[in-house]
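Colleague: First the structure, then my questions, so here it is.
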Amino acid sequence: MLPLRRPPTILRIPASRALILSTSSHTPSLRTLSTAYTPAEDSNPHQPPSTPQPLTQEQKDLLASFLRVDHAGELGANWIYKGQHAVLKSDPKTGPMIEHMWDQEKLHLSVFDSILAENRIRPTALRPFWELAGFALGAGTALMGKEAAMACTEAVETVIGHHYNDQLRELLKINHPEVNKLRHIIKRFRDEELEHLDTAVEQDAKLAPGYEALAAVIQQGCKAAIWVAAKV
Ligand SMILES: [Fe+2]
Ligand SMILES: [Fe+2]
């Protein structure tokens, strides 16, 4: 059981993590295939107040919950790709592709690791479960074949794309310098998740055996995981 830590007094994005915003050579996704799944949600009719406001306790609680679920999600994603990689690493085409996506997930996780530590936000208490479930999902679908592994990636990244878009809409309502930094980080990660989605579709996700059922089960599982991770 993890010790209860006091809630963050203020949201602080570690300087080294904020740097990825200015030094990254990342080019935003061109939004090709993924537009069919996740519409662009970068604007919001609820404009934030024009002058930066101190965070209210309610906003701090919301941010802590967002960061906990994002951290848990990136943890799960890492173990999904780890499971896929364990099975498909020797495939000359798919192996390097999975490795590239996994490398991006490692960065996502390390950024949320730093932000949680900096703000003394309690991580998910279910870490061993997310690791085991992620690895089993990744390895299990990869054992069904490359297409099933890609169907898993497509399903997971679809849910994550929606999830990050939902958060971005909420974060747009808050005008605070650290929240603005967080928004840029999440936007970049969202774009990378959607690139993973596009890769999976291009790599024949839809040719997986039992594609429709597989995708539906994985998507429902991911939505349930997000709901649980926000609380535990
Ligand atoms: Fe990620
Ligand atoms: Fe991803």
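Colleague: Take L75 and tell me if it is open to solvent by less than 30 Å² (accessible area, probe 1.4 Å) and within 16 Å of ligand 2 (Cβ to nearest atom).
Modeller: Values: open to solvent by less than 30 Å² (accessible area, probe 1.4 Å): yes; within 16 Å of ligand 2 (Cβ to nearest atom): yes.
It is true that L75 is open to solvent by less than 30 Å² (accessible area, probe 1.4 Å) and within 16 Å of ligand 2 (Cβ to nearest atom).
Colleague: Quick check on my filter: what residues within the range 94-112 are open to solvent by 10 Å² or more (accessible area, probe 1.4 Å) and either in contact with a helix residue (DSSP H, G or I) (Cβ under 7 Å, 6 or more places away or on another chain) or among the basic types (K, R) (or both)?
Modeller: M97, E99, W102, Q104, K106, L109
Colleague: Assess whether N175 counts as being free of Cβ contacts under 8 Å to residues at least 12 places away in the same chain and either under 19 Å from K60 (Cα atoms) or in contact with a Gly (Cβ under 7 Å, 6 or more places away or on another chain) (or both). First the steps, then the outcome.
Modeller: Working: free of Cβ contacts under 8 Å to residues at least 12 places away in the same chain: no; either under 19 Å from K60 (Cα atoms) or in contact with a Gly (Cβ under 7 Å, 6 or more places away or on another chain) (or both): yes.
For N175, the condition - free of Cβ contacts under 8 Å to residues at least 12 places away in the same chain and either under 19 Å from K60 (Cα atoms) or in contact with a Gly (Cβ under 7 Å, 6 or more places away or on another chain) (or both) - is not met.
Colleague: Report the residue count in the range 199-214 for those that are outside any loop (DSSP other than H, G, I, E, B) and open to solvent by 60 Å² or more (accessible area, probe 1.4 Å).
Modeller: 5
Colleague: Being under 13 Å from Q53 (Cα atoms), open to solvent by 40 Å² or more (accessible area, probe 1.4 Å) and part of a helix (DSSP H, G or I) is the filter here; which residues of the range 167-191 pass it?
Modeller: Hits for the range 167-191 are P177, N180.
Colleague: Then there is this: Tell me which residues, restricted to the range 209-232, are within 19 Å of G134 (Cα to Cα) and of a type in the set (G, A, S).
Modeller: A213, A215, A216, G221, A224, A225, A229, A230
Colleague: Continuing with this model, one more query. I need the full set of residues from the range 78-97 which are among the hydrophobic types (A, V, I, L, M, F, W, C) and more than 11 Å from ligand 2 (Cβ to nearest atom), in order please.
Modeller: Residues satisfying the conditions are W79, A86, V87, L88, M97.
Colleague: So, in the range 185-218, exactly how many residues are among the acidic types (D, E) and within 13 Å of ligand 1 (Cβ to nearest atom)?
Modeller: Residues flagged as among the acidic types (D, E) and within 13 Å of ligand 1 (Cβ to nearest atom) within the range 185-218 amount to 4.
Colleague: So I121 clears everything in (1) at pLDDT 95 or above; (2) away from ligand 1 (no atom under 16 Å from the Cβ); (3) surrounded by 16 or more Cβ atoms within 10 Å (Cβ to Cβ) except one condition, right? Which one?
Modeller: Result: I121 passes all but (1).
Colleague: Still on this structure, please answer the following. So if I check each of P54, P28, which one is surrounded by fewer than 20 Cβ atoms within 10 Å (Cβ to Cβ), at pLDDT below 95 and closer than 25 Å to A230 by Cα?
Modeller: It is P54.
Colleague: Taking the options A125, A133, name whichever one is over 16 Å from K231 (Cβ atoms) and touching a residue at least 24 places away in the same chain (Cβ under 8 Å).
Modeller: A133
Colleague: Looking at this structure, is A151 assigned to a helix (DSSP H, G or I), buried (at least 21 other Cβ atoms within 10 Å of the Cβ) and in contact (Cβ under 8 Å) with a residue 12 or more places away in the chain? Reasoning before the result, please.
Modeller: Details: assigned to a helix (DSSP H, G or I): yes; buried (at least 21 other Cβ atoms within 10 Å of the Cβ): yes; in contact (Cβ under 8 Å) with a residue 12 or more places away in the chain: yes.
In short, yes.
Colleague: Would you call F129 of a type in the set (A, V, I, L, M, F, W, C), in a helix (DSSP H, G or I) and away from ligand 2 (no atom under 16 Å from the Cβ)?
Modeller: yes
The values are calculated or read from the model by the stated rules, or taken from the named source; none is laboratory data. A quick note: this is a predicted structure, and the numbers were derived from the prediction, not measured. Please note: Cβ atoms are built from the backbone with ideal geometry, for glycine as well, and neighbour counts cover all protein chains shown. Quick note on the areas: whole protein, heavy atoms, side chains included, nothing else; ligands and nucleic acids left out. Shrake-Rupley method; radii C 1.70, N 1.55, O 1.52, S 1.80 Å.
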